[in-house]
Amino acid sequence: MYDLIIIGSGPAGLSAAVYGRRAGLELLVIEEKPMSGGQVLNTYEVDNYLGLPGIGGFDMGMKFREHADAAGAVFKTASVTEIRDDGEVKTVRTGDGGSYEARTLILATGAEHRRLGVPGEEKFAGRGVSYCATCDGAFFKGKNVAVVGGGDVAVEDAIYLARMCGRVSLIHRRDSLRAARGLQDKLAACGNVEVLWNRTVRDIYGDGLMEGVKLRGTAEQTEEELAVDGLFIAVGMRPNTELFRDIVACDGQGYVIAGEDCATRTAGIFAAGDVRTKQVRQIVTAVADGACAVASAERYLTDKR
């Protein structure tokens, strides 16, 4: 019987592991992949984490894991297949036949950026293709970039990038944006933003680094090329919550409903990082969530004694 089981080993899960061990909790971290770090491992360079400007994403993930190891965290690599909530006992079952019990759980399974699924997307991820303008925009100062999407995030990204980039092309598959009217007005006021209506990205090309995209018209099926140094994909997020949506309350998009204390509506279960409802999903906020979730779990365990 563990005090705490943490599901997921991205920044939120690893932070929770460090804070949990410092609190003297007997804990287990269950990670699906054999390498800890989550999405940060696929980030070429991280330039906005306090005190570590320019660190490689892989190196950051390894440092986070080393810290958790030094704190004495125990890790298990396996796919979680079932989570049961029996009140004061939570049971986690894994695909290799394992079964683990704990008094509290922290769900830190993260969220995934929706992909376009086009040639070159994976090849140039971190080498021109990005899913976070606030994370990577500074690398493209003075350069020409494109944003894909038509919702609030895509328009916000285009406005943000317009402040530092040479030209910003907003690629949208329809003839109108879904973003809030106020955001559309701000976008229209940007002198260096061009909206490319009724177009989809069909291919991303380059030699080493990304050099441009091939576009196709949604109506006439015309083909064209757009030379850009960076492509920011903002077509939505998908939280990894399928496994436990019948145990904890989620919002309409599938994110676990939890506030800054990371407590879900199910006693003894907490959510940390990109998986929970929150305004900003960044490495720094995920790390903070790990600490907050452990503090809440500690209070829960103390109250139960």
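The values are calculated or read from the model by the stated rules, or taken from the named source; none is laboratory data. All of these numbers come straight from a predicted model, not from anything done at the bench. As a convention, Cβ positions derive from the backbone with ideal geometry for all residues, glycine included, and neighbour counts pool all protein chains shown.
Before moving on, here are some points about what is shown:
- Scope region 159-186; condition out of contact with any helix residue (DSSP H, G or I) (no Cβ under 6 Å at 6 or more places or on another chain), closer than 17 Å to residue 213 by Cα and outside any loop (DSSP other than H, G, I, E, B); matching residues: 169, 171
- Against the numbered list (1) closer than 25 Å to residue 266 by Cα; (2) in contact with a Lys or Arg (Cβ under 8 Å, 6 or more places away or on another chain); (3) in contact (Cβ under 8 Å) with a residue 40 or more places away in the chain; (4) surrounded by fewer than 16 Cβ atoms within 10 Å (Cβ to Cβ), residue 79 comes up short only at (2).
- Taking the criterion of being of a type outside the set (S, T, N, Q), farther than 24 Å from residue 153 by Cβ and free of Cβ contacts under 8 Å to residues at least 40 places away in the same chain, the residues of region 88-120 that qualify are 93, 95, 96, 97, 98.
- Among residues of region 288-304 that are closer than 16 Å to residue 264 by Cβ, none has a beta-carbon under 6 Å from a residue that is surrounded by fewer than 18 Cβ atoms within 10 Å (Cβ to Cβ) and of a type in the set (S, T, N, Q) at least six positions away or on a different chain.
- Residues that are among the polar types (S, T, N, Q) and in contact (Cβ under 8 Å) with a residue 40 or more places away in the chain were ranked within region 18-70; the one that is surrounded by the most Cβ atoms within 10 Å (Cβ to Cβ) is 43.
- Yes/no for residue 193 being touching a helix residue (DSSP H, G or I) at 6+ places or on another chain (Cβ under 8 Å), touching a residue at least 12 places away in the same chain (Cβ under 8 Å) and buried (at least 16 other Cβ atoms within 10 Å of the Cβ): yes
- The condition of being touching a residue at least 40 places away in the same chain (Cβ under 8 Å) and of a type outside the set (S, T, N, Q) holds for only one of 181, 216, 173, that being 173.
- Total residues in region 239-282 satisfying the condition of being in contact (Cβ under 8 Å) with a residue 40 or more places away in the chain, closer than 26 Å to residue 135 by Cβ, in a loop (DSSP other than H, G, I, E, B) and not aromatic (Phe, Trp, Tyr): the figure is 6.
Condition check ((1) more than 29 Å from residue 280 (Cα to Cα); (2) polar (S, T, N, Q); (3) in the same structural domain as residue 228 (by TED's automatic domain parsing)) across all residues:
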position: 38; (1), (2), (3): no, no, no
position: 60; (1), (2), (3): no, no, no
position: 69; (1), (2), (3): no, no, no
position: 86; (1), (2), (3): yes, no, no
position: 91; (1), (2), (3): yes, yes, no
position: 102; (1), (2), (3): yes, no, no
position: 105; (1), (2), (3): no, no, no
position: 119; (1), (2), (3): yes, no, no
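- Test: residue 13 is closer than 15 Å to residue 270 by Cβ and surrounded by 19 or more Cβ atoms within 10 Å (Cβ to Cβ): yes
- Any chance residue 120 is of a type in the set (Gly, Ala, Ser), over 30 Å from residue 291 (Cα atoms) and in contact with a Cys (Cβ under 8 Å, 6 or more places away or on another chain): no
Yes or no, residue by residue, for (1) closer than 24 Å to residue 119 by Cβ; (2) outside the structural domain of residue 273 (by TED's automatic domain parsing):
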| residue | (1), (2) |
| --- | --- |
| 163 | no, yes |
| 174 | yes, yes |
| 201 | yes, yes |
| 208 | yes, yes |
| 217 | yes, yes |
| 225 | yes, yes |
| 242 | no, no |
| 245 | no, no |
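- Hey, residue 278 surrounded by 15 or more Cβ atoms within 10 Å (Cβ to Cβ), of a type in the set (D, E, K, R) and out of contact with any Lys or Arg (no Cβ under 6 Å at 6 or more places or on another chain) or not: yes
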